[in-house]
1. Here are some residues: A:9, A:1, A:57, A:43. Which one is within 10 Å of chain B (Cβ to nearest Cβ) and under 30 Å from residue B:32 (Cβ atoms)?
2. What about residue B:6, is it at pLDDT below 95, within 13 Å of another protein chain (Cβ to nearest Cβ), surrounded by 15 or more Cβ atoms within 10 Å (Cβ to Cβ) and closer than 17 Å to residue B:112 by Cα?
3. Only one of B:40, B:53 is within 11 Å of chain A (Cβ to nearest Cβ), exposed (fewer than 15 other Cβ atoms within 10 Å of the Cβ) and more than 15 Å from the chain's Cα centre (by Cα). Can you tell me which?
4. For region B:37-50, name all the residues that are assigned to a strand (DSSP E or B) and at positive phi.
5. If we keep just the residues of region A:21-37 that are in a loop (DSSP other than H, G, I, E, B) and touching a strand residue (DSSP E or B) at 6+ places or on another chain (Cβ under 8 Å), which is farthest from the other protein chains (Cβ to nearest Cβ)?
6. Restricting attention to region A:37-79, which residues are crowded, with 20+ Cβ neighbours inside 10 Å and in contact (Cβ under 8 Å) with a residue 60 or more places away in the chain?
7. Out of region B:86-114, which residues are modelled with pLDDT of 95 or more and more than 13 Å from the chain's Cα centre (by Cα)?
8. Grab the strands (runs of 3 or more DSSP E) fully contained in region B:63-114, keeping just those with 3 or more residues being within 14 Å of chain A (Cβ to nearest Cβ) and within 24 Å of residue B:27 (Cβ to Cβ).
């Protein structure tokens, strides 16, 4: 069945460091792919999405490219800030039907 | 502001008590769902609905009931609370047209069962 696998954390980076959080998926057909962010004590917020192969989603300096050939949707940011400290979830929406699958989340801490 | 509203934000129950977690959205989304979030386990789907009058079970439905009498509301009922139901509960909604186009989440209900 469809599933999402993302790198385990926690990840700790210094401010202005480069961030990559890996996400790979297994799916039938052409799913939509998402990254969500959860700040402490809050719900999940949609960070970015891509709905077809080679699409690049971007928001707040974060980017992810939908790679069909490697079944990946890695999250990147060139220079992280302390305010980026949060838990990041990769997610997949099946090509048809109701199913929506989340990864287990990656905790990021950025230190000054 | 448009969005998903969950109440209450915090709740403590005794084992065996029942309660209803409220969820309302004002975006006219067809699709609504309930998730629970537990440490190290990510988000697990409890129940979902693709429209008023239509509900279905997710991955972990036991001990929970739902109904969807209106497009806006999707309450989650705990029938007889157990300590294993201690968790953070999130309601989410989305536009749906044969596939899910991405959720809007509520801010969560933190439930403790003692």
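The values are calculated or read from the model by the stated rules, or taken from the named source; none is laboratory data. Not measured: the values here are computed from a predicted model. Positions of Cβ are backbone-derived with ideal geometry, glycine not excepted, and every protein chain shown enters the neighbour counts.
1. Within the list A:9, A:1, A:57, A:43, the selection yields A:43.
2. In short, no.
3. So the residue among B:40, B:53 that is within 11 Å of chain A (Cβ to nearest Cβ), exposed (fewer than 15 other Cβ atoms within 10 Å of the Cβ) and more than 15 Å from the chain's Cα centre (by Cα) is B:40.
4. At the first step, the residues of region B:37-50 found to be assigned to a strand (DSSP E or B) are B:37-38, B:42-50.
B:42 - this is the single residue of region B:37-50 that is assigned to a strand (DSSP E or B) and at positive phi.
5. A:22
6. Once the filter is applied, which keeps residues that are crowded, with 20+ Cβ neighbours inside 10 Å and in contact (Cβ under 8 Å) with a residue 60 or more places away in the chain, region A:37-79 yields only A:38.
7. Within region B:86-114, B:86, B:112, B:113, B:114 meet the criteria.
8. Once the strands (runs of 3 or more DSSP E) in region B:63-114 are filtered for at least 3 residues that are within 14 Å of chain A (Cβ to nearest Cβ) and within 24 Å of residue B:27 (Cβ to Cβ), what remains is B:87-94.
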